[in-house]
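The block underneath contains the structure these notes are about, expressed in structure tokens.
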Amino acid sequence: MIGFWNILDKNPQLSSAAGGLGLLVAFLFFKPFFGDWSGFWECVHYWFTPDIVSIFRGEWEDDRWASLKLFIWLALSVGTAIVAFYQLPGWFPHVFHLEQ
């Protein structure tokens, strides 16, 4: 883990590009996943609501679907940033060179 922080510290251009790609994916998938901000906040609400409460309210299926949408959206965004962080130096070695 120390090596990751050293690379992050020595190559801010790479970490900025990877983070930017992650944010771009989050932005591009926001509308198809949630529609608007109210859809997003509904998913966040269901994410933090215990399942037993949703079961007693009769909203368990809505809770599962909303939690799954939020998880997949977050996983795609963070996963894109992580993959970009490790793949960009190989794809563009002159731009994102890693010092050993």
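The values are calculated or read from the model by the stated rules, or taken from the named source; none is laboratory data. Here the structure is a predicted model, which means the values were calculated and not measured. Heads up, the Cβs are rebuilt from the backbone with ideal geometry, glycines too, and the neighbour counts pull from every protein chain shown.
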Among the residues that make up the stretch 23-45, is at least one of them exposed (fewer than 13 other Cβ atoms within 10 Å of the Cβ), at negative phi and either in contact (Cβ under 8 Å) with a residue 60 or more places away in the chain or of a type in the set (Val, Ile, Thr) (or both)? no
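Answer yes or no as to whether ALA84 is among the aliphatic types (A, V, I, L, M) and in contact with a Cys (Cβ under 6 Å, 6 or more places away or on another chain). Let's see the steps before the verdict.
Values: among the aliphatic types (A, V, I, L, M): yes; in contact with a Cys (Cβ under 6 Å, 6 or more places away or on another chain): no.
When the stated conditions are applied, ALA84 does not pass them.
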Failed criterion for LEU24 (all others in (1) at pLDDT 95 or above; (2) over 30 Å from PRO93 (Cβ atoms) hold): (2)
